[in-house]
Amino acid sequence: MSATPSPSIAVPHFSSWQQALREAVRSLDELLHWLQLDPHSLTALSHTPFPLRVPHSYVARMQVGHPDDPLLRQILPLRAEQQGAIGFIADPVGDQQAQKTPGLLHKYPNRVLIVATGSCALHCRYCFRRHYPYANTQAQDYTDKLAYIQAHPKITEVILSGGDPLLLSDERLQIWLRGLSTIPHVHTLRLHTRLPIVLPQRITPELLSILSDTRLSVVMVLHANHAQEFNVEVSEALKALRKADILLLNQSVLLRGVNHRPDDLLHLHKILGEHRVMPYYLHLLDKVAGAAHFEVSEAEALSLMHQLRTQLPGYLVPQLVREIAGHPYKQPVFEKT
Ligand SMILES: *Cc1c(COP(=O)(O)O)cnc(C)c1O
Ligand code: SF4
């Protein structure tokens, strides 16, 4: 495992996270140029409806000249995406049937998930929402969603998701927090975000003060898949979030070519522990069209879990889960005894 960025990738300096996002790498040629890879050595796609997108700071954590780099594999569009695979569909987790008002998904009785924006800082090729019709969700309309939550007193927790909710401006986040905190039965605000890992520059003092200045209890579920994603900036961002009294959890997706080797998963969970981030879920891949080449079988996943349980303290072992459309919770996957 190499956690050291190659000295030959110089990260351009961006004065703000918004600028870093605007300047993110969107062209395959540019990406391969940074990584000194020959386009002919990869079966990559330069045009796809779910385009390449990756911030420079994430590219700088990839290994130069290494076509199988685990960070590169997460964002590199491959020709394999165009091969249909049986059982891989546009909406594998039943988001459309759970949508109660545009952009609000209510699957489980006491918590709702809000698709607060359709944008992400980087495009993960295995994303289960890669075909989500974001344009139809009126992502910016708060009133309908707040009215729905107000009318359902069983809802105690609201998850801002997307896309990535930390791509909302501070002002918009502030509006969400103020709106939600006026609803007495809502106790917890949860953010499902990759930004502290992918673009740690987003964790600004202004953001921290917005997240601290609320009566809601704030939980952040990060999404890291590999130890190589951690660097000094990520460590500092996580430390600042901890100091702001935010509970930090992590969910990962089990991905062939990224983290399907025992050492990858062990290192990831050790480094999460070092950063005081509690492992939460390890997801079996959602069968979304275009992602079949990432699949790891259930038998292989269970054997990996056995190795994690043997070699990690119990509190650093994630729950292996699978999402089944219509099921009342994420289904734990256990060894058969
Ligand atoms: C995953 C998910 C949640 C959160 O489930 P937890 O098991 O509490 O993490 C809530 N709502 C929807 C629609 C989800 O997909
Ligand atoms: S950050 Fe999350 S929502 Fe965005 S592309 Fe990646 S997996 Fe999908």
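Values quoted throughout were computed directly from the atomic coordinates according to the rules given, and no laboratory measurement underlies them. On a predicted model such as this, the values are computed, not experimentally measured, just so you know. For neighbour counting, all protein chains shown are included, and Cβ atoms are generated from backbone atoms with ideal geometry for every residue, glycine included.
Below are the figures for this structure:
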read-out	value
Relative contact order, percent, the chain [alpha-carbon distance under 8 Å, six or more residues apart]	17 percent
Note, ³J(HN,Hα) from phi for region 34-40, Karplus 6.51, -1.76, 1.60, rounded to Hz, x at Gly and Pro	4, 8, 6, 10, 7, x, 6
Charge context of HIS152, other residues only, Cβ under 15 angstrom, K/R +1, D/E -1	+3
Shape category assigned to the chain from the gyration tensor of Cα positions, a/c cut at 1.5	rounded
Table column - 3J(HN,Hα) (Hz), region 96-110, Karplus curve with 6.51, -1.76, 1.60, x for Gly and Pro	5, 6, 8, 7, 9, 8, x, x, 10, 10, 10, 9, 10, x, 9
Backbone HN-Hα couplings from phi across region 183-197 [Karplus 6.51/-1.76/1.60, Hz, Gly and Pro as x]	9, x, 7, 8, 9, 10, 10, 10, 10, 9, 9, 9, 5, x, 8
Pairwise label distance in nanometres, SER235 with GLU206, each label 7 Å out on the Cα-Cβ vector	2.8 nm
Label point distance in nm, HIS40-LEU247, each placed 7 Å from Cα along Cα→Cβ	5.5 nm
Full-stretch length increase - ASP68, ARG53 - with 0.36 nm per residue and alpha-carbon distance subtracted	3.6 nm
Count, lysine Cα pairs under 20 Å in the chain, 8 or more residues apart or across chains	11
Packing-based exposure ordering (other Cβ within 10 Å, fewest first) of SER161, SER57	SER161, SER57
Pairwise centroid distance, computed over Cα atoms, of region 58-137 with region 177-240, Å	20 Å
DSSP beta bridge pairing in the chain, given as percent antiparallel to the nearest 5	25 percent
Cα gyration tensor category, rounded, prolate or oblate, for region 17-82 with a/c compared to 1.5	oblate
Distant-in-sequence amide H partners of LYS107 (H built 1.01 Å from N, under 5 Å)	LEU113
Gyration tensor verdict on region 92-214 (Cα atoms; rounded if a/c is under 1.5, prolate if a/b is larger than b/c, oblate otherwise)	oblate
Dipole axis of the chain (+1 Lys, Arg; -1 Asp, Glu on Cβ), positive-most option in CYS124, GLN19, HIS152	HIS152
GLN311-ILE175 pseudo-label distance in nm [points 7 Å out on the Cα-to-Cβ vector]	4.8 nm
